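Student: The structure that follows is given in the form of structure tokens.
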Amino acid sequence: MDREDEVITNRSGNRPFGDVLQVHVSRRRVLAGSLAAAAGGFLSSGPSWAADVEAGKPEQDPLDHPQVDRPQASGLINFQPVPLSEAGGAEVSISADYDYEVLIPWGDPLQPGGPVYDGDPTTRPTAADQAEMIGIGHDGMWFFPYVHEGKESSNAGMLCINHEFGRNNHVLGRGIPGSLEDVRLSQHAHGVSVVAIVRRDGSWRQIRSPYSRRVHVNTPVAFSGPAAGSRLLETPGGGEPLGTLNNCASGHTPWGTYLTCEENVHGYFGATERWTATPEHERYGFSAGGFGYGWEKYDRRFDLADPDYTNEENRFGWVVEIDPWNARQTPIKRTALGRFRHEGAAVAVGEGGRAVVYMGDDQRFDYIYKFVSADDWQAMRARGVSPLDEGSLYVARFNDDGTGEWLELTIDHPLLADRFADQAAVVTFARVAADLLGATPMDRPEWTTVAPNGDVYCSLTNNDQRGDDGLPGPDAANPLAPNLSGHIIRWRDDQHHLGTTFSWDIFLIAATTHDSEDAFGSPDGLWADPDGRLFIATDGPQPAGLNDQMLVADPATGELRRLLEGVISCEVTGITVTPDRRTLFCNLQHPGNGNPAATSFPAPFGSGKIPRDATLVIRRKDRGIVGS
Ligand code: FEO
Ligand code: CA
Ligand code: CA
């Protein structure tokens, strides 16, 4: 979900603008030739450009037209890229070495034989039917293979998939809900699908399974960790906690569960009467109008002005753990991981067997976080304790010299003890705590991923307001102002993910590709494969007439190739593979923004069908490893 129109809620003033002239693009390692050229360009134009910035918004981004040599082939990536000459259009373009099929579009039955919606523009599903269908807004996902006699299958498993959002005009066929039925339809289209899939006769499909289920906005959920039982999560009316919302990117744990991440939850709340926002509401973006979904008109739970539902909004904005192999499991919101606009949750096993979770908070000038479990994850589970319930939550500060620190969000910190009553409040208002500790405001942190060598990557998708009046200017970690196309930052923690210090560099500045065959912008989805390839999926403005796309990079050489280009006005997201890595699943979200005049994907263009979010199943024609 790309948002260009949102108000800034972080006015904490971290990183004062006066630091700009001290900035340099510090390089722990400069790996890509293009990056070296880009960094040089930035440095040589730095002082005069910084003066321009000081005088107002710069006229021209100095990286707008870089002249750079693109790296040469490395051997890790051998597929024929989708050429720039194929840019744009209503259909998918994929490398000539690959093919794809479409799986589980919005409206497909969760179980074979269940209700179906096929994109007929004259009708919509009922709310009850939608609860038994694949939702809309396909985003983060993970494939959990069936395991038989200790062997993981590459032909069968559970696909857990997030349904981030669907605008009313798309889902309901009208802009404002006219009834509770409309609201329920919208709510049931959001959430998560856990769906059993197999490959038979060469193609993937859903199969009937007791494990398949829908989790949506009205599914019972539970809380655990420091905020569980806190009055901050209780509503005066006594309502039990229900639902997950705006499920963006995802993660998965070493113990085999799925993590779904609640991002723009603020947009679903509104106020039917006079309502006054607290500073915490403002910092989290809650407003009387929200995104205009209008749920509050028929569902009191989403009415910020309803006294029976005070604190309902605090129940959203968490990372939620789902067991893909137990359809009766209550999804658990793991409060130790903090509450913010969670993008994703990349889990690594750090020194001492600790579970370490890297997380972005996607808003302009928001932060990157990590959580470290209190002990070895296997030992904790043996004691009956979730590794995601006890541990330390940190927020990142990126120093200009290429070092960084993880600042612990703990009630034991004097600044936080002054502001908050307890650790429950610290995690519930993690953004406010992070402001107080001086975290570095970033250019919209999206996905994180952990490479096999221990490097962690995070997409900073773009920030068209960096350098605007009253807002932070460029710094070493976010060197462009405005940053219209985004970049990817990389760090390595000391003590193998455990340490509170790290070194970092910028892996790639998207604008440096714009004069090249591999042009892209707005990196969002990331996945580092076991060989070290970095898959990059985009969501937002693209150069050269391109639709959103997926590329593959070799971090060792900086080589970059376009694997696929999605249909018009979609976002490409959700990257997961089978254990043999011969099949990759990814998602096309909001194709054509729901407009059949732009595309009817996955139906043929011109059919008049409403375009529907769907999963793409991608394979190499020679059945080699995907990405190679
Ligand atoms: Fe849901 Fe930040 O993308
Ligand atoms: Ca995005
Ligand atoms: Ca995203």
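The values are calculated or read from the model by the stated rules, or taken from the named source; none is laboratory data. What you are looking at is a predicted structure, and each value in this text was computed from that prediction instead of being measured. Neighbour counts are summed over all protein chains in view; Cβ atoms, including those assigned to glycine, are modelled from backbone coordinates with ideal geometry. The protein model used for the area step is the full one, side chains on, heavy atoms only, and it has no ligands, DNA or RNA in it. Shrake-Rupley method; radii C 1.70, N 1.55, O 1.52, S 1.80 Å.
Student: Taking 7 Å along the Cα-to-C-beta vector as the label spot, tell me the His496-Asn169 distance in nanometres, rounded to one decimal.
Tutor: 5.3 nm
Student: In deg cm²/dmol, rounded to 500, what helix-only [θ] at 222 nm does the chain give when every DSSP H run of at least 4 residues adds -39500 (n - 2.57) and the total is split over its residues?
Tutor: The per-residue figure over the chain is -3000 deg cm²/dmol.
Student: Could you state, as a whole-number percent, how many of the C-alpha pairs of the range 341-436 are farther apart than 16 Å?
Tutor: 59 percent
Student: With bins 5 Å wide starting at 0, give me the P(r) of the range 386-471 over every alpha carbon pair, in whole percents.
Tutor: 3, 12, 17, 21, 21, 16, 9, 2, 0
Student: If you take the square roots of the eigenvalues of the alpha-carbon gyration tensor of the range 260-310 and sort them as a ≥ b ≥ c, do you get rounded (a/c under 1.5), prolate (a/b over b/c) or oblate?
Tutor: It is oblate, given that a/c is not under 1.5 and a/b is not larger than b/c.
Student: Still on this model: In a Debye calculation with equal point scatterers on the alpha-carbon sites of the chain and no solvent, what is log10 I(q)/I(0) at q = 0.11 Å⁻¹?
Tutor: Values returned for q = 0.11 Å⁻¹ are -1.05.
Student: Now for a different question. What residues have an amide H closer than 5 Å to that of His252, excluding those fewer than 5 places away on the same chain, when H is modeled at 1.01 Å from N in the peptide plane?
Tutor: Counting only residues 5 or more places away or on other chains, the set is Leu259, Val347.
Student: What per residue convex hull volume, in Å³, comes out for the range 136-284 when only alpha-carbon positions are used?
Tutor: Convex hull volume per residue, Cα atoms: 170 Å³.
Student: For the range 450-465, what does the Karplus curve 6.51 cos²θ - 1.76 cosθ + 1.60, with θ = phi - 60°, yield as ³J(HN,Hα) per residue in whole Hz, taken in order and with x for Gly and Pro?
Tutor: Going residue by residue, I get 10, 7, x, 8, x, 5, 10, 10, 9, 6, 10, 5, 3, 7, 6, 10 Hz, with x marking Gly and Pro.
Student: Starting from the Cα-Cα distance between Asp468 and Ile625, subtract it from 0.36 nm times their residue separation and give me the gain in nm to one decimal.
Tutor: 52.0 nm
Student: Give the calculated FRET efficiency between Ala222 and Asn155 to the nearest 0.05, with a Förster radius of 30 Å applied to their Cβ-Cβ distance.
Tutor: Plugging the Cβ-Cβ distance into 1/(1 + (r/R0)^6) gives 0.35.
Student: Leaving out ligands, DNA and RNA, and with a 1.4 Å probe, what % of the accessible surface on the range 235-326 is carbon or sulfur?
Tutor: Roughly 47 percent of what the probe reaches on the range 235-326 is carbon or sulfur.
Student: With every atom except the alpha carbons ignored, what do you get for Rg and Dmax of the range 351-509, in angstroms?
Tutor: Calculated on Cα positions, Rg and Dmax stand at 16.0, 53 Å.
Student: Note down the nm distance, to one decimal, between modelled labels 7 Å out along Cα→Cβ at Thr272 and at Glu101.
Tutor: 4.8 nm
Student: If you don't mind, another one. Zone of Gln378 (label point 7 Å along Cα→Cβ, backbone N under 18 Å): which residues in the range 340-360?
Tutor: Of the residues in the range 340-360, 348-356 have backbone N under 18 Å from the label point off Gln378.
Student: State, in angstrom, two size descriptors of the range 278-355 derived from its alpha carbons: Rg to one decimal place and Dmax to the nearest whole number.
Tutor: Radius of gyration, then largest Cα-Cα span, for the range 278-355: 16.3, 51 Å.
Student: Any idea what the alpha-carbon Rg over 2.2 N^0.38 Å comes to for the range 87-137?
Tutor: After normalising by residue count via 2.2 N^0.38 Å, the value is 1.46.
Student: Please state, rounded to one decimal and in Å, the Kirkwood hydrodynamic radius that the range 519-628 gives when every pair of distinct Cα atoms enters the mean of 1/r.
Tutor: Here the Kirkwood hydrodynamic radius works out to 14.4 Å.
Student: Let me ask another. Let me see the pair-distance distribution of the range 225-299: every alpha carbon pair, 5 Å bin width, integer percents in order.
Tutor: Reading upward from the zero bin: 3, 12, 15, 23, 24, 12, 7, 3, 1, 0.
Student: If you roll a 1.4 Å probe over the range 177-229 with all protein chains in place, what percent of the accessible area is carbon or sulfur?
Tutor: 48 percent
Student: Here's something else I'd like to know. Per residue, how much accessible area does the chain have with a 1.4 Å probe, in Å²?
Tutor: 33 Å²
Student: Oh, and also: Report the net charge of residues surrounding Ser386, where surrounding means a beta-carbon distance below 11 angstrom and charges are Lys +1, Arg +1, Asp -1, Glu -1.
Tutor: Local charge sum for Ser386: 0.
Student: Same structure again: What does the charge count around Arg354 come to, taking other residues whose C-beta lies under 12 Å from its C-beta (Lys +1, Arg +1, Asp -1, Glu -1)?
Tutor: -4
Student: Could you work out the equivalent-ellipsoid semi-axes for the range 481-536, taking the square root of 5 times each eigenvalue of the Cα gyration tensor, largest first, in whole Å?
Tutor: 25, 15, 9
Student: Please work out whether the range 297-405 counts as rounded, prolate or oblate from its C-alpha gyration tensor, where a ≥ b ≥ c are the square roots of the eigenvalues and a/c under 1.5 means rounded, while otherwise a/b larger than b/c means prolate and anything else oblate?
Tutor: Cα axes put the range 297-405 in the oblate bin.
Student: For the pair Arg419/Asp308, report the inter-label distance in nm, with labels modelled 7 Å from Cα in the Cβ direction.
Tutor: 3.5 nm
Student: While we're looking at this one, here's another question. Report the gain in length on full extension from Val385 to Arg200: 0.36 nm times residue separation, minus Cα-Cα distance, nm rounded to one decimal.
Tutor: 62.7 nm
Student: Further question on the same structure: With both partners inside the chain, how many of the DSSP beta bridges are antiparallel, as a percent to the nearest 5?
Tutor: Given both bridge residues lie in the chain, the antiparallel proportion sits at roughly 95 percent.
Student: Using the Cβ atoms and a cut-off under 14 Å, what net charge is assigned to the surroundings of Gly175, where Lys and Arg are +1 and Asp and Glu are -1?
Tutor: Result for the local shell: +3.
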